[in-house]
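Below is one structure, written out as structure tokens, with a few remarks after it.
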Amino acid sequence: MKIRHSAFIYMALLLWQRLAIGQTCCSGGVPLSSNLGLPPGEGQTLQLNLNYDLNVLQTLKTGTEELDDDSRTRRTHSVLLQGGYSFSERISVDAMISWVRQERSINQAGNTDFTATEGAGDAVFLFKYKLLATAQNQTTLTGALGVKAPVGASDLRRDDGLTINADLQPGSGAWDGIAWGQVVHVLKWRQSMSLSGTAVYSRKGKNRNYLGSQEYQFGNETQVSAGVADRLLIGPLIIDPSLTLRFRHVRPDRLTGLNVPSTGGKWLFISPGLSYWFSPRYALDARLELPLFADITGTQVSPTYRLNVGFFTKINLGKPSAFQPGFPLN
């Protein structure tokens, strides 16, 4: 029985590899981890952040080599609602819910194969604790532990009844564990400018009901980012420009214990952003993310660009607070 089972899995992976070449699996995914973490807040502060995120993948690569093939396109549209509440200066919680539409288009020999899914995505919950805070919060260090709950559907089917691949589903069908950390330092010589560093590790759980009887696990993910933000007063306008570098490493996905071909990789992105505060409580935010480097496992469609726009508000339910220095909203 074990030999038959191993042979079945081996044949399934060979079939997946053929599909990966024709359909191009990818490690773009729904951008939950990269949007985690609201700005540091004072005690009894409620924060809300509503974002639209467009992730476009149309660069076909093998390893670090870009292939001359523009027949494949992936787009992920995500609406992300993140809320956070600070119980005190040190303790806070964040929660994120999502709605996702994923699209895949393959143009070959004059024919177009288009597949799209949409629906509620997975949800994330974080418990955050400020580990360190120097005088006047000049430097703060915050850590968090959390989970991603499998709220989104992971078993959607095509019109012809075939189950859609895992990477096109709105949800993952599995619980994930998340560790998150962030350090923020406000410069003494320019109190409106801050430096920040963020690290996120997501340990993926297993969808034990993939295709009805198999076990699918997305690759564990590590992200590290470093950014700088400032506050500029241009007449009556309050503008926060920012610049962030983000490194993302994703391990290969696994199907019933074996690595799935053409999944996983390493990426380095640069992301300029701009926030406009039209009151001390409300801001509009926009940022563009572009890849600087990518090392792909196998052959995949890799991110080409990503656009994120959003609305941010904070409500202090305790005593009124001063307007904080510039800080990236995402």
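Rule-based calculations on the coordinates, nothing more; no lab input. Remember, predicted model here, so these are calculated numbers, not experimental data. Please note: Cβ atoms are built from the backbone with ideal geometry, for glycine as well, and neighbour counts cover all protein chains shown.
Remarks
- Charge dipole (debye, nearest 20) of the stretch 125-177; +1 at Cβ of Lys and Arg, -1 at Cβ of Asp and Glu: 380 debye
- From least to most packed, judged by other beta carbons within 10 angstrom and beginning with the fewest, Trp175, Trp267 follow the order Trp175, Trp267.
- Rounded to 10°, Cα long-axis angle of helix 2-23 versus longest principal axis of the chain: 70 degrees
- The chain: calculated mean residue ellipticity at 222 nm from DSSP helix runs of at least 4, using -39500 (n - 2.57): -2500 deg cm²/dmol
- Positive-end residue, the chain charge dipole about Cα centroid, Cβ charges, pick of Gly264, Ala229, Leu126: Leu126
- Exposure proxy shown here: for Tyr276, Tyr210, the number of other Cβ atoms within 10 Å sets the order, fewest to most, as Tyr276, Tyr210.
- Vicinal HN-Hα couplings computed from phi for the stretch 159-168 (Karplus, 6.51 cos²θ - 1.76 cosθ + 1.60; Hz; Gly/Pro x): 4, 8, x, 6, 6, 7, 4, 4, 6, 9
- Charge dipole magnitude, Cβ of K and R +1, D and E -1 - the chain, Cα centre, debye nearest 20: 820 debye
- The distance separating the Cα centre of the stretch 209-258 from that of the stretch 109-152 comes to 8 Å.
- Near Val79, once Lys and Arg are set to +1 and Asp and Glu to -1 for all other residues with Cβ below 10 Å from its Cβ, the sum equals 0.
- Evaluated at q = 0.15, 0.19, 0.23, 0.25 Å⁻¹, a Debye calculation over the C-alpha positions of the stretch 260-312 (equal weights, vacuum) places log10 I(q)/I(0) at -0.56, -0.70, -0.84, -0.91.
- Given (i) 76, 50, 47; (ii) 78, 53, 37; (iii) 65, 41, 32, the label whose value is Cα extents along the principal axes in Å derived from this model: (iii)
- Counting every other Cβ atom within 10 Å of each residue's Cβ, Ile234, Ile270, Ile97 order from fewest to most as Ile234, Ile270, Ile97.
- The stretch 102-206, relative contact order [Cα under 8 Å, separation at least 6], %: 24 percent
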